[in-house]
Ligand SMILES: Nc1ncnc2c1ncn2[C@@H]1O[C@H](COP(=O)(O)OP(=O)(O)O)[C@@H](O)[C@H]1O
Ligand SMILES: [Mg+2]
């Protein structure tokens, strides 16, 4: 089933890859190429891919996306989050665009640049971290990304440095031909006591079939605070496989906010290693599906040491014949006493043909822990709908209002108000043909 | 205003209303009394447009129009209001959101533009005082965690904001202590007008000491078995509903009108 992807792998030789000829970089590539050949693409026989069949992806002959075209001012405006002030880094079809990005000059030793540039110019900053969390690829897609090790963003925040303005990393799908693949590779190192907000977006300017296969490695060092947003807004025909691999040191706090809105088939892995006492991670997310979309969210939190905590809350809204998978794993390692792990997943089905598989999985190898989890699937409350309608609210608006109310307690946790409004708007305009919900709320 | 003619309603195949006739003139207040399970809430809900209730016979005219042909939101926009016996909790939707949506839905329906924020705020603040509730209450999710009495007052508050033409109050008095009931009754009386009619469903006579009805109807087993003026309520208070049951058992189906 993976033959076409083996052909894709062979195309590496034709590409101008970052750090070509640099030993440690080539070692990562070659090791992962070998791993890809062993692993192949995941199949439904793999427990972690049981409900997500990637055969439609495997059947296509994807070719690496070329260095993309540039974007016009109009393109940029079309994808901007209204009113949100950001430092912007832009990747077009997986290639960093220095001319459109304006995140370069932050001073104080902060580095925000392309990964390729960082490998060339400051390998001492990159080498200790790059690939550390992806060394043992869980599945073929990750091995494939590392076998190419293409461009992406590199963010280095020195110890004690606070970056107050969010950094928006926009991965834009723009290229002309059908069936291209881009494999962004990002690396974020937040120094001790530093502060960073990163908004990672995947957007498309067309509705062609393509594949994004991304990896983001994040290191939150002692007492760092990282707010990491992901907006997955791929085209309705796009495929998205993305991994967030996060390592947290003592006292660090990472908030992940994940909104999955687009894609024909999309899978997001979030892996968090809580590796120092009092490290805390929040995992919030919402997935909003219609048509025949398939969105899989697969999270795993490792409580590796004592006194760590995690709080996960995901909500899903599904319409039409869409299907969602939520798999939340929490592993409490033998020495991780006093771990505190919470997990909740709630789903709202707006159509009888929509389907969700929600699978919480706790593996607890320590005895003094507090772990809770809960999952639910429900429909809109008919009594609440009737109540709203007796107040004059038409059916579509009433459904929109109740759906919005359902999703809102997760979206409310998004700390940037402009971003929150944007996601609220994307949700309601995607699911309902109502224009004046914003008037109301 | 409202004219119900030989209304038959089934729920899940079971006959619940078995031929209701009722005429409510403009500005009138009609009380509907009767034992539990007699069909009072069913009647109220059918008038408001509950969908899974089957009207198998009869018709309802409201301001000369076929009320049953309209979806519930259109009925509301035309001035029908139901104060629920069991108001629904709607987590995540605040009282103000709901009211603003309701006010603007009406305006849109009548081709008017949305209400200005300031005007709306003034309106709700004025009305919330009327039911003796704090302003914080506006920001709370609709009925969520409200006490029984707060839920009932919230219904009256909504009615006051929406100013319906036909208000149906389904046991708004039950579960209220005497002070809360007076607040509700004062709210209702303040809204009495020549061009506004009300149907007050109640299980007890008590409320009718405060809201004096023009007509009283007794509903039993899906039929109106007796009607009269306000004195009928007093009579019922004295005699209870036992006589109705006796009579229905003696001559099933032969209720007097
Ligand atoms: N949603 C429903 N489904 C099935 N039966 C119902 C429903 N609502 C009411 N009923 C039945 O209809 C009858 C009348 O109920 P209701 O109108 O609530 O009476 P009342 O308000 O006079 O107490 C009762 O026998 C009740 O069990
Ligand atoms: Mg009742």
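The values are calculated or read from the model by the stated rules, or taken from the named source; none is laboratory data. Worth saying up front: this structure is predicted, and the values here are computed from it rather than measured. Reconstructed Cβ throughout: ideal geometry from the backbone, glycine too, with neighbour counts over all protein chains shown.
Quick one: which strands (runs of 3 or more DSSP E) sit completely within region A:233-335 and have at least 3 residues that are closer than 26 Å to residue A:51 by Cα and under 12 Å from the mean Cα position of the chain (by Cα)?
Per the criteria, A:239-248, A:253-260, A:265-274, A:280-289, A:294-303.
Inside region B:28-54, can you point out the residues that are under 14 Å from the mean Cα position of the chain (by Cα) and near ligand 1 (Cβ under 6 Å from one of its atoms)?
B:39, B:40, B:41, B:42
For residue A:427, indicate whether it is within 14 Å of chain B (Cβ to nearest Cβ), within 18 Å of residue B:93 (Cβ to Cβ) and free of Cβ contacts under 8 Å to residues at least 60 places away in the same chain.
Spelling it out, it is not the case that residue A:427 is within 14 Å of chain B (Cβ to nearest Cβ), within 18 Å of residue B:93 (Cβ to Cβ) and free of Cβ contacts under 8 Å to residues at least 60 places away in the same chain.
Residue check, residue B:76 against (1) in contact with a helix residue (DSSP H, G or I) (Cβ under 9 Å, 6 or more places away or on another chain); (2) outside any helix (DSSP H, G or I); (3) away from ligand 2 (no atom under 16 Å from the Cβ), all met but one. Which one?
For residue B:76, the exception is condition (2).
Counting only residues that are without any contact (Cβ under 8 Å) to a residue 12 or more places away in the chain and over 16 Å from the mean Cα position of the chain (by Cα), give me the helices (runs of 4 or more DSSP H) lying completely in region B:117-233 with at least 1 of them.
Qualifying helices (runs of 4 or more DSSP H): B:117-130, B:178-191.
Among residues belonging to region B:72-83 that are within 7 Å of chain A (Cβ to nearest Cβ) and out of contact with any strand residue (DSSP E or B) (no Cβ under 6 Å at 6 or more places or on another chain), point out the one that is surrounded by the fewest Cβ atoms within 10 Å (Cβ to Cβ).
Step by step, filter region B:72-83, then rank; the result is B:77.
Any idea which residue in region B:139-151 is farthest from ligand 1 (Cβ to nearest atom), counting only those that are within 14 Å of chain A (Cβ to nearest Cβ) and touching a helix residue (DSSP H, G or I) at 6+ places or on another chain (Cβ under 7 Å)?
B:139
Could you tell me how many of the residues in region B:62-71 are surrounded by fewer than 22 Cβ atoms within 10 Å (Cβ to Cβ), part of a helix (DSSP H, G or I) and in contact with a strand residue (DSSP E or B) (Cβ under 8 Å, 6 or more places away or on another chain)?
1
Hey, residue B:104 hits all of (1) modelled with pLDDT under 95; (2) surrounded by 16 or more Cβ atoms within 10 Å (Cβ to Cβ); (3) over 19 Å from residue A:398 (Cβ atoms) but one; which does it fall short on?
All conditions are met except number (3).
Just to be sure I understand, how many residues within region B:22-61 are away from chain A (no Cβ under 14 Å) and either more than 12 Å from ligand 2 (Cβ to nearest atom) or part of a helix (DSSP H, G or I) (or both)?
Going through region B:22-61, the residues away from chain A (no Cβ under 14 Å) turn out to be B:22-40, B:43, B:54-61.
From what's left, either more than 12 Å from ligand 2 (Cβ to nearest atom) or part of a helix (DSSP H, G or I) (or both): B:22-31, B:40, B:43, B:54-61.
Residues that pass the stated criteria total 20.
Failed condition for residue B:192, given (1) away from ligand 2 (no atom under 16 Å from the Cβ); (2) in contact with a strand residue (DSSP E or B) (Cβ under 6 Å, 6 or more places away or on another chain), with all others met?
It is condition (2) that residue B:192 fails.
Looking at residue A:253, is it crowded, with 24+ Cβ neighbours inside 10 Å and either out of contact with any helix residue (DSSP H, G or I) (no Cβ under 7 Å at 6 or more places or on another chain) or assigned by TED's automatic domain parsing to the domain that holds residue A:124 (or both)?
When the stated conditions are applied, residue A:253 does not pass them.
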